[in-house]
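Values quoted throughout were computed directly from the atomic coordinates according to the rules given, and no laboratory measurement underlies them. Worth saying up front: this structure is predicted, and the values here are computed from it rather than measured. Cβ placement follows ideal geometry from the backbone for every residue including glycine, while neighbour counts extend to all protein chains displayed.
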Amino acid sequence: MSETNKLEKLVSLCKRRGFVYPGSEIYGGLTGTWDYGPLGVELLRNIKNAWWHDNVTTRDDVVGLDSAILMNRTVWQASGHEGAFTDPLVDCKTCQSRFRADQIAESACPRKPSKAPGQFSECQLTEARKFNLMFKTFVGPVEESAAMVYLRPETAQGMFVNFKNVCDSTRVKLPFGIAQIGKAFRNEITPKQFIFRSREFELMEIEYFCKPQTSQEYYREWRDRRFAWYQKLGLAGENLRLREHEKEELAHYSVGTSDIEYKFPWGWGELEGIAHRGDYDLQQHIKFSGKDLSYFDDETKERFVPHVIEPAAGATRATLAFLCEAYAEEQVEGEMRTVLRFKPRLAPVKAAIFPLVKKDGMPERAAAICQDLQKHWPVFYDEKGAVGRRYRRQDEAGTPFCITIDGQTAEDQTVTVRERDSMLQQRIGVDHVKGFLLERLSD
């Protein structure tokens, strides 16, 4: 299976099984927007919950925040976004299309046969110009310059401007982090590659504040910790790598940056960046706001502006990476089986419950088991079609276990449990089902 074909099949599966739908589809869609269906919203939530549990709930040195999407315009002037958050844009005067100047080679002209922009003799590409990626809107009833604000392109600035609030209200001491999961918006010139590059997406970010002299140590610690997190959740192997930025790639304020990259069907793409940002952000907000955002160390009696380590992950991109890694096809008894081999922790549905047939009390027994398990996990009841077809539907949903209630259940109070990856089946007692799942879903 070619990598291009794999992506096409994955996109088709995502729509067919309710992971991801094109945004506003019944009206012809809206480029760069996607809606998450019943399975997709569970997968995305599981990824975010795993991130929050592992980076906030189980740590004593990280606290959470949920800042506003709309912020004072000066925030984005201080951060540099208003003046410099741009991509190079070129227009084609012939086909009226627009492209990123730095991605011409990998873009496609809408004319047929498809070629890269500029490869047709009729193409007339303009000189590149800067295009700001922030969406503009207005606060209040009057659309005037004084009322203009932006939809945030990242969640980080909400944590920087609340640094003093968090310090004063929680009594945290350095080193400590502020974590946030939230929506961000970027007016991408050419959204592409399914949900990888879209105009609305979710980020999972941490701003970890520390003393300047310890910042390199924490940079390395967060870099290695975040790489291991993806490995633990199933992205281990040759499709995942940690890439340190070369000096010429670094932002002017960055002491060091590493990208965690995944090999998608079209090539390597960034999942998360871990950046040593120095004291740049807090210093900028001190300058523009006139407020003191320094930190006083009670033990050393020093006052200084902390340095910041920023692990910034894309929840949307992580969702696509886990989908790509989980997707597999194999021949089973002469038929092609499509399966999503998610780690149980990420699987949208943990177990499916089937009555073998719709008679002899099997639906009632299956429904009772389903209702009991629903108190603990997302489970799915299905009584339609041959049991083999039901297995296949759950394989495509990534469900780790299927539990079938049959005629023997009434005789000895046992059910058949079928495991997704191996397809092996075993009989266990009805009263052991919950414990069986608890043991296997706790990882």
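General observations
- GNM top mover of 352, 275, 68 - the chain, alpha-carbon springs below 10 Å: 68
- Modelled this way, with points 7 Å down the Cα-to-C-beta line, the labels at residue 421 and residue 60 are 3.5 nm from one another.
- If R0 is taken as 56 Å, the Cβ-Cβ distance between residue 232 and residue 303 corresponds to a FRET efficiency of 0.90.
- Taking trypsin sites (Lys or Arg not before Pro) in DSSP loop states with no more than 14 other Cβ atoms inside 10 Å as exposed sites, the chain has its longest site-free stretch at 174-290.
- Nearest-ten-degree value, helix 215-230 long axis tilted from longest Cα axis of the chain: 30
- Residue 291/residue 249 FRET efficiency (R0 35 Å; Cβ-Cβ; nearest 0.05): 0.60
- Calculated FRET efficiency for the pair residue 360/residue 69, C-beta based, R₀ 60 Å, to 0.05: 0.65
- Translational diffusion coefficient (Stokes-Einstein; Kirkwood radius from C-alpha pairs) of the chain at 20 °C, 1.002 mPa s, in µm²/s: 86
- Extents of segment 279-327, largest first, come to 55, 29, 11 Å (Cα atoms, principal axes, whole angstrom).
- Exposed GluC sites (Glu not before Pro) absent - longest run of the chain, DSSP non-H/G/I/E/B, at most 11 other C-beta within 10 Å: 1-121
- Principal-axis tilt of helix 362-373 within the chain, Cα atoms, nearest 10 degrees: 30
- Most fluctuating residue given options 71, 134, 159, as computed from a GNM of the chain linking Cα atoms under 10 Å: 71
- Over 24 Å apart at the Cα level, from the set 164/301; 136/192; 48/136; 359/384; 192/232, are 48/136; 192/232.
- Added length on full extension, which subtracts the Cα-Cα distance from 0.36 nm per residue, residue 389 to residue 33: 124.9 nm
- Added length on full extension, which subtracts the Cα-Cα distance from 0.36 nm per residue, residue 374 to residue 341: 9.7 nm
- Ranked from largest, the principal axis spans of the Cα set of segment 262-371 equal 76, 40, 27 Å.
- Computed [θ] at 222 nm, helices only, for the chain once each DSSP H run of length n ≥ 4 contributes -39500 (n - 2.57): -8500 deg cm²/dmol
- At full extension, residue 142 and residue 442 could sit 102.7 nm farther apart than now, given 0.36 nm per residue minus the alpha carbon distance.
- Relative to the longest principal axis of the Cα atoms of the chain, the long axis of helix 38-52 lies at roughly 60 degrees.
- Relative contact order for segment 349-441, counting Cα pairs under 8 Å that sit 6 or more residues apart, in percent: 28
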